[in-house]
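Structure first, commentary second.
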Amino acid sequence: MNKISLEIGQTILLELEEECLLGKVMHVASDRSFIRLADVRDMTTDKNYGVQTYYNSEVRNIQVASTDDDTPKPTTKPSENVIKSKLLTLDSLNNALEQINNYVFIHQTDAKYHDSIRYLKKQRHLGIAMECIENGRHSNGSSLLTIATYDSIYIFDIKWMKITDDMRDLLSSDRYRRVLHNSRLVSDVLQHKFGIPLGKCFDVMVAHIATSKTVGHTVEDTPVSLQTCVRNYLNLPDKFFDGNVTFNLRPLSDMAKKEAAKNAVFLLPLLDLFVHEIMLEPFYSSCISYSHSLSRNSDFINSLVDLRNKGPEAIEAIQPAKLGIDVELLNVPEHELTSDPSKPLCD
């Protein structure tokens with residue numbers, strides 16, 4: 001059992017040998033030999049087990065689920081290549097689990113299909129995942145196309161219904177911002193099996209490689225699965241995903257449908273994490289520095305008086321806000337920027 005501080009009433013993620021559970025702490029043995037949880041829920045099947053006791057010998061890992069007011073504190077050390085990790089808040093985790101359990105499965109162009117397409121076309125961000133495409137165009141046959149929004153998941157059985165013109169638009173139009181993992185496999189399948197060019201997208205695996213601390217590595221050098229990204233960046237337990245599920249059998253099992261939903265539900269949260277908490281972190285710090293540059297002056301009226309009485313002397317005394325942005329290029333003539341394409345624009 002992890003050497004972490006557990007308190008009565010905390011909601012924790014409990015990883016066993018074959019299960020991944022969510023529950024509230026009722027009791028912790030003084031010698032930490034066992035813990036008792038209430039409202040125990042299986043994160044894979046959503047089955048509720050009520051009150052359960054778990055012994056130290058069967059617990060592989062414990063993580064405390066944060067609330068929106070908590071500062072996320074990962075309890076496991078992420079991979080060395082991961083710059084930043086963030087434990088999902090309890091509300092975000094519950095929202096993801098609700099999406100997974102309430103997926104919409106579509107296998108024909110019926111009323112449910114048209115309602116789903118109508119909703120998806122109103123969205124801006126789409127998480128895209130495909131199953132059974134491990135070998136790209138040489139795969140035996142793609143099985144599922146899953147499209148996730150911030151609050152819903154739609155699973156299209158493209159083994160039976162193929163890809164419609166409406167779905168083609170969602171996959172290729174620049175009106176949408178798509179998020180994928182290992183997009184080149186998806187692009188290869190779409191291009192060579194369905195004749196569909198994949199539109200602009202954000203690739204989670206490319207973002208991982210580009211922002212990791214391992215300099216000079218490429219996607220080929222450092223392959224990483226979506227499950228690894230979810231585990232390392234969002235700190236979900238290893239057993240949250242079931243790698244033994246098959247997506248080729250028909251009729252498709254509920255477990256397979258839920259697993260397909262899992263492969264899409266975290267793509268948009270990962271986009272937000274990479275863009276707003278890793279890639280744009282220096283920019284946001286500069287914005288904060290600038291926004292506070294005036295308000296932190298405790299006597300703004302006196303500053304105006306000094307400016308009126310001292311003129312240029314007062315202006316020269318004002319310290320500029322350090323934005324951390326290289327603005328030297330703003331003063332470089334355009335012909336110097338374009339005269340030598342091989343010359344780096346900045347050091």
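Any read-out appearing in this document is the output of simple, stated calculations on the displayed coordinates, not a laboratory observation. The model shown is predicted, which means the values in this text are computed figures rather than measured ones. When we count neighbours, we look across all protein chains shown, and the Cβ atoms used for this are built from the backbone with ideal geometry, even at glycine.
Between ASN101 and SER291, what FRET efficiency follows from the Cβ-Cβ distance if R0 is 56 Å, with the result rounded to 0.05? The partial results should precede the final answer.
On the way: r = 41 Å, r/R0 = 0.73.
Once rounded, the FRET efficiency stands at 0.85.
Entry note, the stretch 192-292: relative contact order of 27 percent, from Cα contacts under 8 Å with a spacing of 6+ residues. Descending by average beta-carbon neighbour count within 10 Å, the peptides 143-151, 158-166, 19-27 line up as 143-151, 19-27, 158-166, the highest first. Residues whose amide H comes within less than 5 Å of that of VAL104, counting only those at least five positions distant or on another chain, are ILE153, TYR154, ILE155 (H built at 1.01 Å from N in the peptide plane). For the stretch 106-117, 3J(HN,Hα) computed residue by residue from phi via the Karplus equation (6.51, -1.76, 1.60; θ = phi - 60°) reads 10, 10, 7, 8, 9, 4, 5, 4, 5, 5, 5, 5 Hz, glycine and proline entered as x. Full extension of the segment from ARG60 to HIS138, taken as 0.36 nm per residue of separation minus the current Cα-Cα distance, would add 24.2 nm. Placing pseudo-labels 7 Å out from each Cα toward the beta carbon at ARG177 and ASN48 gives an inter-label distance of 3.7 nm.
Taking amide H as placed 1.01 Å from N in the peptide plane, the amide H of ASN61 sits under 5 Å from that of GLU15, each at least 5 places away or on another chain. Once backbone amide H atoms are built at 1.01 Å from N, LEU6 has no partners under 5 Å, excluding neighbours fewer than 5 places away on the same chain.
Of the listed pairs LYS47/LYS257; LYS112/LYS162; LYS122/LYS258; LYS200/LYS258, which have alpha-carbon separations greater than 21 Å here? Intermediate results must be reported in sequence, preceding the final value.
Details: LYS47/LYS257 16 Å; LYS112/LYS162 16 Å; LYS122/LYS258 24 Å; LYS200/LYS258 27 Å.
Those over the limit are LYS122/LYS258; LYS200/LYS258.
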